[in-house]
Every structure is written in C-alpha cells, then in structure tokens.
Amino acid sequence: MKVLMAASECAPFIKTGGLADVVGALPNVLAGHGIECRTLLPAYPSLQPLLSDGRQVAEFHDLPGGYGQLVLVSAEGVDLLLLDAPQLFDRPGKPYSAPDGEDWPDNHLRFGALAQAAARIGMDGPDGWRPDIVHAHDWQAALVPVYLKQANCSVPKSILTIHNIAFQGLFDPSAMGHLGLRGDWYHPEGLEFHGALGFLKGGLMFADRITTVSPTYSSEILTPEYGMGLEGVLQARSAALSGILNGIDTGVWDPANDPALARSYNARSLARKAQNRAAIADRLGLASDSSGPLFCVISRLTQQKGLDALAGAIPHVVQRGGQLAVLGTGEANLESAFAAGSSEYPGQVGTLIDYDEEFAHLLQGGSNAILIPSRFEPCGLTQLYGLRYGTLPVVARTGGLADTVIDANAAALDMECATGFVFDQVTTDGITAALDRVFDAFADKKTWQTLQRAAMRQPVGWERSASAYAQLYKELAS
Ligand code: ADP
Ligand code: GLC
C-alpha cells in the first residue's frame with residue numbers, strides 16, 4: 001500500500017504548529033503497518049539545502065504559478081517529494097505570510113500548485129511510484145480531491161484531514177481560471193463559499209473520505225458553533241467523516257531522553273524536574289525560591305487559544321504563590337498582555353515572545369502544569385506532551401483536549417486515573433476556578449505525584465491511531 005501525504009508543513013523541516021508534528025510523525029508509524037509513504041512538501045528556503053542530495057523525478061511545466069520540478073530525497077527517515085518552484089516557495093518570510101505579517105498575495109497559486117502536483121503524482125506515478133491513496137492535509141492541500149475529480153480519476157482515492165476548520169483558504173473567484181478549475185463548479189454545491197472560492201470547501205465536497213484529528217472535534221464541526229460555516233457541508237458528508245486522535249512522537253518527546261532538558265527523568269525520579277525548573281527560572285528571570293507551582297503556556301497567541309481570558313487570571317496566579325512561564329508568538333495584543341504581566345510581576349511571570357523548539361521541551365520538562373484554555377481545539381498536542389512529561393494539563397473541555405485529559409474529579413482521584421484538570425468556561429473566572437483546584441492539588445504532594453504518574457502512564461503515542469489510519473486506507477483502497 002502506497003500513500004502520498006500532501007501538506008504544507010512537516011516537522012522537523014518546516015513547522016508553524018501541530019500540523020507539522022503530525023505530518024512528520026505519520027510516515028514512520030504507518031511503516032509499521034506495511035504502508036509506504038512519500039511526503040509532498042513545497043521546497044521552502046529551509047528545504048533548499050536538501051535539493052542537491054535528491055533526484056529529479058518529474059517536471060511540471062504548467063502548474064498554477066508556472067514551472068516546478070519534483071525532487072525525491074530521503075531525510076530524517078522520511079521520503080520527501082519536494083516541489084521545487086522557486087518563484088512560489090523560495091522566499092523569505094513564513095510559509096503563509098510575508099515578513100510584514102501579511103498573507104502572500106499568491107497563496108492560491110502556491111497551494112494550488114502543491115495540490116495539482118499531488119494529483120499528478122497520483123495519476124501519473126512518476127518514478128514508478130503511484131500511490132493508492134493521496135492523503136491531503138488542511139486547506140493548503142485541499143484542492144487535491146478536486147483536481148482528481150476534475151480529471152475523472154477514481155484511483156488514487158483521496159482523504160482530506162481537517163486539522164483546523166478555522167483556516168479555509170478563501171480566495172477571489174477570479175482565481176478559478178488561474179488554477180485551472182472548472183468554471184461550472186463555482187456554485188454552492190461545488191467550490192463556492194459565500195462569494196469566495198473555498199479550497200477547504202471544495203476538498204470537503206469531493207474527498208472520498210474526510211477525517212479530523214479527534215472524535216469530539218468531528219462532532220463539534222457539525223454544529224454552527226464550531227463548523228465555521230461549513231457545518232452544512234459536513235452534515236451532508238457525515239457518512240464520510242470520522243475523527244482519529246493525533247498521537248505524538250514519543251521518541252522525540254521523552255523526558256528520560258531529551259537533549260533539551262537540563263536533567264532527564266522518569267516517573268520514578270520526578271524530583272529531578274526541579275533542575276529543569278531551575279533552568280527555566282534562569283532563562284526567564286523567575287525567582288528560584290518559589291514553592292508554588294510553575295505553570296507554562298506554549299502556544300500560538302491567538303483568540304482560538306483563549307489566552308486573553310488567561311491573561312486576566314495572571315494576578316490570581318501570583319497572589320496564590322504560583323509562577324507563570326509563557327512561550328509564544330502571535331496577535332500583538334496578546335503578546336503585549338503577557339509582556340505586561342512579566343513587567344508587573346518580575347520574578348513571578350516570565351514571557352518569551354519567540355518560537356523556540358528547544359525551550360518548548362525545557363518548559364515541558366520543568367513546569368508543574370501546562371495551561372491550555374482553548375475556545376476550540378481540534379486535537380492539541382501540547383497537552384499530550386504535558387502528559388508524557390508529568391506536567392499536568394489544565395484544559396478547556398473541547399475537541400481533543402476533552403478526549404485526552406481525565407479530570408481530577410473525586411471519582412477519578414479515587415481510582416488513581418486522573419491525569420489533569422478540565423474546565424468548562426473559557427473566561428477569566430472559569431480559569432481562576434480551575435487554577436484554584438490545581439493549587440489545592442499541588443499542596444498535597446502525594447495526590448500530585450499520583451496524578452503525575454497516571455499522566456505519564458497514559459498512552460499518547462501513535463499506536464492506536466496509526467492502526468485507525470491504516471484501516472481507513474485499506475478500506476478505501478479495496
Ligand atoms: P496548533 O497546531 O493549533 O498551534 P498544537 O497544540 O496542535 O496547536 O501544536 C502546537 C505545536 O507547536 C506544538 O508542537 C508546540 O510545542 C509548538 N509550539 C507552539 N508555539 C511554540 C513556540 N512559541 N515555540 C516552540 N514551539 C511552539
Ligand atoms: C491544528 C489544530 C490543533 C491540532 C493540530 C494538529 O493546528 O489547531 O488542535 O493538534 O492542527 O492536528
């Protein structure tokens with residue numbers, strides 16, 4: 001069985017969020033199920049150095065946006081197919097936006113080209129490698145099923161995974177022609193979404209199967225509250241929709257063997273977390289003599305993540321003797337809210353406005369709890385890293401957060417199966433009430449350690465979900 005992953009991010013090569021972790025991890029875990037993956041990625045600047053080690057397997061002269069060559073290269077145990085179209089991808093800035101923060105004006109061409117290359121690999125099988133399935137991720141690859149359908153191609157089958165329905169790839173309808181899309185498909189039963197061309201909408205209409213990254217989110221997106229306008233489309237396609245929970249790479253995220261930690265540890269040597277906490281305190285200028293819990297946030301700083309409500313709870317954290325370490329980048333008002341927290345409470349609140357993979361590991365290693373008050377969360381990975389590191393997740397009851405954290409209620413505490421704290425209201429009051437429960441539990445060292453050990457026992461790897469994907473591929477291919 002051969003599967004082509006088509007995505008705009010893949011760790012460790014290019015990452016803005018959890019999509020990259022998932023796309024990076026899947027090929028290896030699927031290999032264990034006899035599935036051979038290749039991963040199609042744009043050759044962004046960070047991937048350019050790999051090109052010289054690779055081999056050209058195809059050339060496309062008429063992609064949206066022009067010429068592109070396809071280069072096959074193995075790196076970090078993954079077979080990458082790099083779409084090398086420098087005029088589209090080899091430029092400074094971020095994958096989706098220019099250095100000034102504005103979306104690239106030609107994103108429709110850039111990701112239209114990615115999708116069209118994927119569809120052609122599916123149809124032509126360059127290098128003698130033709131996939132049975134093309135697995136497209138998020139809006140950036142969502143035109144794959146559309147191009148396959150437009151070519152009347154029934155093999156390979158297509159799967160579209162929604163990692164976040166808030167990002168839909170909406171463009172001016174005039175882009176249809178530049179993308180080589182059938183003009184008569186621009187209507188509400190096709191590619192049109194409220195007067196725009198919708199990449200995700202189109203993919204959802206035409207994909208053979210649709211998945212999303214947790215069972216709860218797969219139900220939530222059928223409702224107007226979470227569906228972001230696509231709930232009707234998803235209801236109509238609900239027979240093709242399922243939720244498969246993300247896992248994490250337990251090799252990369254392993255507190256017993258993590259080069260980013262000051263001290264490694266396991267469930268029997270939790271006291272060693274203190275040395276990691278000391279390293280965090282050093283880096284962020286936090287007081288080193290605090291006996292309260294250290295909370296961390298590792299996140300894109302956006303509305304989705306509920307961090308505006310959390311910022312309001314900073315005085316309460318400090319007043320109860322806790323400390324807060326924040327690592328993130330994003331919306332300007334949130335960056336300043338946390339920076340202001342650090343200035344107001346020096347020694348108790350530390351903020352690093354940056355993207356720093358290594359420090360993210362250290363924060364998981366040295367904090368006592370990780371705060372994730374998301375308004376919606378398709379899956380969420382940082383709570384899974386928290387579980388693995390005995391850094392108890394404090395999460396809103398939504399999406400994958402609800403599916404992965406067992407609340408420390410009385411019954412779960414009695415059964416010694418609680419792994420974190422789950423709350424309902426994403427407001428400063430709701431978060432404050434949850435924090436109070438955390439402070440109380442933290443004060444009882446035995447309870448806290450029981451929680452940590454249960455968290456660290458929880459399976460967070462890919463085993464179960466890899467089987468679910470493998471089964472889905474097999475069903476579809478037969
Ligand atoms: P999302 O994809 O919505 O941003 P996830 O929880 O699925 O949320 O994944 C976020 C990923 O990005 C995690 O691997 C997390 O550790 C990482 N991350 C987020 N912000 C930062 C940051 N500022 N520095 C380092 N890693 C970060
Ligand atoms: C998205 C979601 C996040 C999910 C990630 C990987 O970025 O916001 O919840 O974990 O994709 O699937």
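Things to note:
- The residues of the chain have, on average, 38 Å² of accessible surface per residue, using a 1.4 Å probe with all protein chains present.
- Taking a ≥ b ≥ c as the square roots of the Cα gyration tensor eigenvalues, region 1-151 comes out rounded, since a/c falls below 1.5.
- Label-to-label distance, nm, for residues given as ASN266 and VAL155 (7 Å Cα→Cβ offset): 4.8 nm
- The ratio of the alpha-carbon radius of gyration of region 93-249 to the globular-protein estimate 2.2 N^0.38 Å is 1.02.
- The mean sequence distance of close C-alpha pairs (under 8 Å, at least 6 residues apart), as a share of the length of region 2-89, puts its relative contact order at 26 percent.
- For the residues SER343, SER214, a 1.4 Å probe over the protein chains yields an accessible-area ranking, largest first, of SER343, SER214.
- Accessible area of ASP106 in the full protein assembly, 1.4 Å probe (Å², nearest 10): 30 Å²
- Which of ARG457, ARG182, ARG464 is most accessible, then next, and so on - probe 1.4 Å: ARG464, ARG457, ARG182
- Using heavy atoms of the protein chains and a probe of 1.4 Å, the accessible area assigned to CYS296 is about 0 Å².
- Karplus-derived 3J(HN,Hα) values for region 176-181, using 6.51 cos²θ - 1.76 cosθ + 1.60 with θ = phi - 60°, are 3, x, 4, 8, x, 8 Hz; glycine and proline are entered as x.
- Cross-link pairs exceeding 20 Å between alpha carbons, from the set LYS273/LYS305; LYS2/LYS474; LYS157/LYS201; LYS2/LYS94; LYS15/LYS273; LYS15/LYS157: LYS273/LYS305; LYS2/LYS94; LYS15/LYS273; LYS15/LYS157.
- Ordered by 1.4 Å accessible area with all protein chains kept, ARG453, ARG110, ARG209 run largest first as ARG453, ARG209, ARG110.
- Equivalent ellipsoid, the chain (semi-axes from 5 times Cα gyration tensor eigenvalues, Å): 40, 22, 22
- Protection proxy ranking, peptides 184-196, 135-147, average beta carbon neighbours within 10 Å, highest first: 135-147, 184-196
- The accessible area of PHE442, taken with all protein chains in place and a 1.4 Å probe, comes to roughly 20 Å².
- Förster radius 51 Å - calculated FRET efficiency between ALA332 and GLU416, Cβ distance, rounded to 0.05: 0.70
- Compared with the direct C-alpha span, the chain from VAL57 to ASP429 gains 128.2 nm at full extension, assuming 0.36 nm per residue.
The values are calculated or read from the model by the stated rules, or taken from the named source; none is laboratory data. Since this is a predicted model, take the numbers as computed values, not measurements. Positions of Cβ are backbone-derived with ideal geometry, glycine not excepted, and every protein chain shown enters the neighbour counts. For accessibility, only protein heavy atoms count, side chains too; no ligands or nucleic acids. Shrake-Rupley method; radii C 1.70, N 1.55, O 1.52, S 1.80 Å.
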